[in-house]
1. Within the range 1-44, how many residues turn out to be in a loop (DSSP other than H, G, I, E, B) and open to solvent by 100 Å² or more (accessible area, probe 1.4 Å)?
2. Is one or more of the residues making up the range 45-56 open to solvent by less than 80 Å² (accessible area, probe 1.4 Å) and touching a helix residue (DSSP H, G or I) at 6+ places or on another chain (Cβ under 9 Å)?
3. If a residue has to be at pLDDT 90 or above, β-branched (Val, Ile, Thr) and under 16 Å from the mean Cα position of the chain (by Cα) to count, how many in the range 11-64 make the cut?
Amino acid sequence: MASDLNKTLARQKLSGIQPGSGTDHLPPLEMAIRMAPDVIFFLTDALEPPLWPKDLEKIRTLNG
């Protein structure tokens, strides 16, 4: 429930999160593919680390 207390707690939790070493693209893509959806909308800042050719091959293999 989006009560005032819950909103405050969420704000406090989020304010303590600091950006780290980039986005780990592969695990969420693997999870999405295993769920066998009709479409995947993958939003990212597209910064480091990149998806390497071996990562793309793994995604292709999983996707069949």
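1. First, the residues of the range 1-44 that are in a loop (DSSP other than H, G, I, E, B): 1-3, 16-25, 35-44.
Among the residues that remain, those that are also open to solvent by 100 Å² or more (accessible area, probe 1.4 Å) are: 1, 17-19, 21, 24, 35, 38, 41, 43.
The total comes to 10.
2. yes
3. Adding up the residues that qualify gives 4.
The values are calculated or read from the model by the stated rules, or taken from the named source; none is laboratory data. Nothing here was measured: the structure is a model prediction, and the numbers come from that model. Reconstructed Cβ throughout: ideal geometry from the backbone, glycine too, with neighbour counts over all protein chains shown. The area values use the complete protein model at the heavy-atom level, side chains included, leaving out ligands, DNA and RNA. Shrake-Rupley method; radii C 1.70, N 1.55, O 1.52, S 1.80 Å.
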